[in-house]
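Contents: one structure, followed by commentary.
Since every read-out is calculated from the coordinates, none of them should be taken as a lab result. For clarity, every value in this text was computed on a predicted model and none was experimentally measured. Glycine gets a Cβ as well: all are built from the backbone with ideal geometry, and neighbour counts include every protein chain shown.
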Amino acid sequence: MTVTNSEQSEKALKEALEEVDNPLMIETAPERTRENRTPGFARMRTDWHGPDHEIIQNIMGTIERRILENFSDAYALMNEVYDAVRDPACDSNGEVLKDHYGFIVWARNPMGAPYEDFTKLTSRQKEDFMFKITTRIFEWQQRAADAWAEAMFAKAQWEEAFSNGFDSPAGRLTVDDRTQKGRLYSREERYFAVFLSAYSRKADAIVRSMELLGQRIKDSLG
């Protein structure tokens, strides 16, 4: 049975998409591998190399700023809760510390966990927080759904760019050669799709966290 170019492209794309979720395996020099009883140590990394660290920090910072912009009311509400149950961290002059976004820095114990006392919350405060969460969850869910849709459109764009690169004429190439060509042709779209997927996951996490907080507050009122 003859395999068409379209079928080859779809198969190559499927394999490329699956590789995104697979752990990266890097082959080392045979001499180095033979020196280790456990070759996995030769492949292990604990941080980003050189300028890659700065790049990933910039990317994560961009995602964080976008989340803060689109879910600013969720962060504001969480800080209302924190203000009621936590103590602010202060400098040597007694001034309250704030982070680079202007949010209060909260005092933490030696283990790094914030000091919290939820018994400070009154019934009236709990009801206020619960109703705020309940009325705003609709908008948060819509924003998270928009983030998911944007990520799906980016994924579709990546798939189309891969297929265009795979199918573009370039002499007599093997399927593997065409697959590599498709990857190179679509690498910008791929990174953008990953970026939007990360943003979408953080948006979902905010919605889930706020839903859980609202439920816990409701339970405590019962």
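Out of every Cα pair in the range 129-222, what percent are spaced more than 16 Å from each other? Looking at the range 129-222, the distances longer than 16 Å represent 64 percent of pairs.
Between ARG172 and ALA198, the FRET efficiency estimated from the beta carbon spacing at R0 = 35 angstrom works out to 0.35. Normalised by 2.2 N^0.38 Å, where N counts its residues, the alpha-carbon radius of gyration of the range 29-169 equals 1.63. Direction-averaged projected area, Cα convex hull, the range 67-142: 6.4 nm², rounded to one decimal.
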